[in-house]
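Data block below; observations after.
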Amino acid sequence: MKILIVDDEAEIIAILKNYFESNGHIVISARTGREAIIRQQKEQPDVIILDVMLPDIDGTEVCRTIRSTSNVPILMLSAKGTDLDQILALGLGADEYATKPFSPSVILAKASALVRRCEGNAATLSKGSRYNCGSLFIDSDAHVVKVDNVIVNLAPKEFVLLLHLIRNRDRVFTKEELFDLIWGDEFGDISTVTVHIRKIREKIEINPPEPKFISTVWGVGYKFSGYEE
């Protein structure tokens, strides 16, 4: 099992890493939310152990971002133990929750249970994998996009970008956020986002200069504003 540990405290990472590796698991780690998002995309871990309090991006926001493009099991860690914190974390896509202080054996048991549950549901169509937005249809599992029931061929990055926007309908993302999420630490700059948005519009919009699905929020970024039938 490959486990991604996300915590800004080196001591906690070391404790969990030593215990997990002694039990035969592969461990990768991140100290910030931004690094966690990039490592999840590159390493494709089987489960993520994610601290709520991170120095750059709140852990719940990291959870929401990862969940928008991946069904990887996520276990949230926090020193906060209130019911509100637990509801918030689980509502944003976390699968399990644990509070500090904790026993490494308990965390490993919870993580292993999440992976088994995920594997058991692997053959089942995941919720929210198909989206009907007027004339636009997207099936994330089959990697299919149709406009007026005609298949449209999107490049891999175009597909991931469109899917991310659809899954976060009406939320505005800056170009910087989209570049970090989709391209990570690959070579390029935010102009890449503009080019990909233009290409997607050319393929899915009836009138690209006046887009119905992907809207530009001037001075901020982009959002998916299509509707579901």
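The values are calculated or read from the model by the stated rules, or taken from the named source; none is laboratory data. What you see is a predicted model; the values in this text were computed from it and never measured. Positions of Cβ are backbone-derived with ideal geometry, glycine not excepted, and every protein chain shown enters the neighbour counts.
Can you tell me which of VAL52, VAL47, VAL27 is touching a Phe, Trp or Tyr at 6+ places or on another chain (Cβ under 6 Å) and assigned by TED's automatic domain parsing to the domain that holds ILE74?
Values: VAL52 fails: touching a Phe, Trp or Tyr at 6+ places or on another chain (Cβ under 6 Å); VAL47 fails: touching a Phe, Trp or Tyr at 6+ places or on another chain (Cβ under 6 Å).
Testing whether each residue is touching a Phe, Trp or Tyr at 6+ places or on another chain (Cβ under 6 Å) and assigned by TED's automatic domain parsing to the domain that holds ILE74 leaves just VAL27.
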Checklist line | Cross-chain or 6+ apart pairs with Cβ under 7 Å, segment 150-171 first and without any contact (Cβ under 8 Å) to a residue 24 or more places away in the chain and on the phi < 0 side of the Ramachandran plot, then surrounded by fewer than 19 Cβ atoms within 10 Å (Cβ to Cβ) and not in a loop (DSSP other than H, G, I, E, B) | finding: ILE151/VAL144
Check: If we keep just the residues of segment 179-196 that are hydrophobic (A, V, I, L, M, F, W, C) and modelled with pLDDT of 90 or more, which is surrounded by the fewest Cβ atoms within 10 Å (Cβ to Cβ)?
Finding: VAL195
